[in-house]
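Quick notes on the structure that follows.
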Amino acid sequence: MATEILMPALSPTMEEGTLAKWLVKEGDEVKAGDILAEIETDKATMEFEAVDEGIVGKILVAAGTAGVKVNTPIAVLVEEGESAEAAPKAAAPVAAAPAAEAPAAAVAALAPAPKAAGARIFASPLARRIAAEKGVDLGTVTGSGPHGRIVKADVEGAKAAPAAAPVAAAAPVAAAAAPAPAASASNVAKLYEGRVYEEVALDGMRKTIAARLTEAKQTIPHFYLRREVRLDALMAFRGELNKKLESRGVKLSVNDFIIKASALALQAVPDANAVWAGDRVLKMKASDVAVAVAIEGGLFTPVLLDAEAKSLSKLSAEMKDLAARARARKLAPQEYQGGAFAISNLGMFGIENFDAVINPPHGAILAVGAGVKKPVVTAAGEIEVATMMSMTLSVDHRVIDGALGAQLLAAIVENLENPLAMLA
């Protein structure tokens, strides 16, 4: 039976994507697991696999089309001797987002972030069709496919959902739930009439950054804790260690030590290893540390899982791999989602100190500045030159109180100023 292939939701936050490239053409036979297309999500370019076998009967959305909404039919899969016309009538393919309209959309994206209307259900098109035919509620089905995706076999044995109770008259809240945008593109443009400028359309990543950071600044009660770290012992230790690791091709960066120091500090102050979950706090056991990586047009925060248990060399290798794949937009969603704590280091750009915005639901983020030589007063009351580095901890006060945040930052400083102890 002809089956529509729908635009997949390849991450929990994906609402639309760009169909970057088809890797099959009409008439090709495919089987489950074959790569059908490459799709650009709000964060990455990901391969889209077939979950059923068949023949590509018709391609409905051309390669390069942007702004394709999730669940839009993008192709039709048929069986031998079957016509693609036998498939349920597909909705008109979503047209590419017109560049001329992008500024309006961009300004709209600055409005309050859309509500999270429950978890998205990942299911194959065939599974969705069978579920619809059987009256099965996909929300009650556990997926056995990749990353929990619901496939054909999962819904075939599922029971139909009971008939829905009559729906009460809808409360007239829709209009009230749609607040007027703070500004429109046309109103903003009026301010710059007569001036020369270039309009830049927002891609999915920029829209996501705008929405999430607006949410963070508007809803998370931040407070900030600042400390300076003396780096002389760490720099000497790092130089010595790198000489010994040279034969293995390992070169540790200061950032590798910061990741390790933070991971161990989260273990030493476990109450601070936590995230905000709406109406409760989740205290994590492992130290899953996210690290901001700047890429062209945005940033990623890949997560180093179980960082407290990994050696410096392993953390270094893993971080280099994640950063390289982040810059190529090849990270899978599970590689940049999650984590309870984040690090943002702008020291390599010469920034001496700054305050970072918490990436929800993280409990805190550490902003790291450049190491600079400056005069310091020693415990003996003498002045000497030392390499000092500024760190600012941005804290979600719903999760971490001031004294607890101070303990966490103190533990990070202690680890960095006594680097040898991190190897114990």
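Descriptive notes on the structure:
- Residues that are closer than 28 Å to L299 by Cβ, surrounded by 20 or more Cβ atoms within 10 Å (Cβ to Cβ) and out of contact with any helix residue (DSSP H, G or I) (no Cβ under 9 Å at 6 or more places or on another chain) within segment 27-52 comprise A37, I39, F48, listed in sequence order.
- Subset tally (residues that are open to solvent by 30 Å² or more (accessible area, probe 1.4 Å) and either assigned to a loop (DSSP other than H, G, I, E, B) or hydroxyl-bearing (S, T, Y) (or both)) for segment 53-69: 5
- Residue within segment 180-198 that is modelled with pLDDT of 80 or more, among the hydrophobic types (A, V, I, L, M, F, W, C) and not in a helix (DSSP H, G or I) present: yes
- Listed here are the strands (runs of 3 or more DSSP E) enclosed by segment 225-298 that have at least 2 residues being out of contact with any Gly (no Cβ under 7 Å at 6 or more places or on another chain): 281-283, 293-295.
- Matching residues in segment 360-416 - criterion: being touching a Leu at 6+ places or on another chain (Cβ under 7 Å), in a helix (DSSP H, G or I) and open to solvent by 20 Å² or more (accessible area, probe 1.4 Å): A406, N415
- Among the residues making up segment 28-77, those that are of a type in the set (D, E) and in contact with a Gly (Cβ under 8 Å, 6 or more places away or on another chain) are E29, E40, D42, E49.
- For F223: the one exception among (1) farther than 25 Å from V372 by Cβ; (2) open to solvent by less than 30 Å² (accessible area, probe 1.4 Å): (2)
- Among residues of segment 337-357, those that are surrounded by 21 or more Cβ atoms within 10 Å (Cβ to Cβ) and in contact with a His (Cβ under 8 Å, 6 or more places away or on another chain), counted: 4
Residue-by-condition table, conditions (1) touching a Cys at 6+ places or on another chain (Cβ under 7 Å); (2) open to solvent by 60 Å² or more (accessible area, probe 1.4 Å); (3) over 22 Å from T392 (Cα atoms):
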| site | (1), (2), (3) |
| --- | --- |
| K244 | no, yes, yes |
| P302 | no, no, no |
| A309 | no, yes, yes |
| K314 | no, yes, yes |
| A324 | no, no, yes |
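- In segment 403-424, the residues that are under 19 Å from N359 (Cα atoms) and of a type in the set (G, A, S): G405
- Residue match in segment 255-266 (condition: farther than 25 Å from V372 by Cβ and touching a Phe, Trp or Tyr at 6+ places or on another chain (Cβ under 8 Å)): yes
- Long-range neighbours under 7 Å by Cβ, at least six apart or interchain, first residue farther than 30 Å from F48 by Cα and modelled with pLDDT of 95 or more within segment 333-355, second of a type outside the set (K, R) and open to solvent by 50 Å² or more (accessible area, probe 1.4 Å): F354/L346; D355/Y224
- Taken residue by residue, segment 312-324 has no member that is in a loop (DSSP other than H, G, I, E, B), within 19 Å of the chain's Cα centre (by Cα) and either under 21 Å from I400 (Cα atoms) or in the same structural domain as A367 (by the TED database) (or both).
- Residue ID - nearest to L6 (Cα to Cα), chosen from residues in segment 132-164 that are at pLDDT 70 or above and in contact with a strand residue (DSSP E or B) (Cβ under 7 Å, 6 or more places away or on another chain): I150
- Residue satisfying condition, being in contact with a strand residue (DSSP E or B) (Cβ under 7 Å, 6 or more places away or on another chain), open to solvent by less than 30 Å² (accessible area, probe 1.4 Å) and either small (G, A, S) or on the phi > 0 side of the Ramachandran plot (or both), within set A274, A261: A274
The values are calculated or read from the model by the stated rules, or taken from the named source; none is laboratory data. Because the structure is predicted, anything quoted here is derived from the model rather than measured. Every residue, glycine among them, receives a Cβ derived from its backbone with ideal geometry; neighbour counts consider all protein chains shown. Surface accessibility is based on the protein's heavy atoms, side chains included, excluding ligands, DNA and RNA. Shrake-Rupley method; radii C 1.70, N 1.55, O 1.52, S 1.80 Å.
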